[in-house]
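This report refers to the structure that appears directly beneath it.
The values are calculated or read from the model by the stated rules, or taken from the named source; none is laboratory data. These numbers were taken from a predicted model, which means no experiment stands behind them. Reconstructed Cβ throughout: ideal geometry from the backbone, glycine too, with neighbour counts over all protein chains shown. Just the protein is used for accessible areas: all its heavy atoms, side chains included, with ligands, DNA and RNA removed. Shrake-Rupley method; radii C 1.70, N 1.55, O 1.52, S 1.80 Å.
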Amino acid sequence: MDTVLSHIVTKRLSSEKENIATEVLAFILDSNQSAKKGMMKLLKAIAPTMPNLIFKTQMVEGTIRPDMWGYFGDNPRVYIENKFWA
């Protein structure tokens, strides 16, 4: 059974699926401490001194526009390229 949201995404915004999924992921990381803790655990496994980040989407830095950035204060610390349906 389709939901209203799935109908809109698949029928009307099909070229924007990855951007929508990225926005949903950023929303989840912002609103759910367990999800954010899991993301930070992953990032700290790569860079142990990584501070706790705030995640923003579609920010431009020079000539790049990654899907999602991890900011500490006003400074971008990491960017994330999400690959959905790739």
(request) Give the angle, between 0 and 90 degrees and rounded to the nearest 10, that separates the Cα long axis of helix 17-31 from the longest principal axis of the Cα atoms of the chain. (result) 50 degrees
(message) Tell me which of ILE64, THR22, VAL78 sits at the most positive position along the dipole axis of the chain, charges placed on C-beta atoms (Lys, Arg +1; Asp, Glu -1).
(response) VAL78
(request) Report the label-to-label distance for GLU23 and LEU5 in nanometres (one decimal), using points 7 Å from each Cα along the Cα→Cβ vector. (result) 1.2 nm
(message) Between helix 33-46 and the chain, what is the angle of the helix's C-alpha long axis to the longest principal axis, kept within 0 to 90° and rounded to the nearest 10?
(response) 60 degrees
(request) Measure off 7 Å from each Cα along the Cα-to-Cβ vector at LYS44 and ASP74, then give the distance between these two points in nanometres to one decimal. (result) 2.7 nm
(request) Across the chain, how many lysine pairs, 8 or more positions apart or on different chains, have C-alpha atoms separated by under 29 Å? Please give the number. (result) 18
(request) Compute the accessible area per residue over region 19-86, keeping the other protein chains in place, probe 1.4 Å, unit Å². (result) 68 Å²
(request) Please find, in a Gaussian network model of the chain (springs between Cα atoms separated by less than 10 Å), the residue of GLY62, GLY38, GLY70 whose mean-square fluctuation is greatest. (result) GLY62
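Could you give the longest part of the chain that holds none of the chymotrypsin sites (Phe, Trp or Tyr not before Pro) found in DSSP loops with at most 13 neighbouring Cβ atoms within 10 Å?
That gives 1-83 as the longest site-free run.
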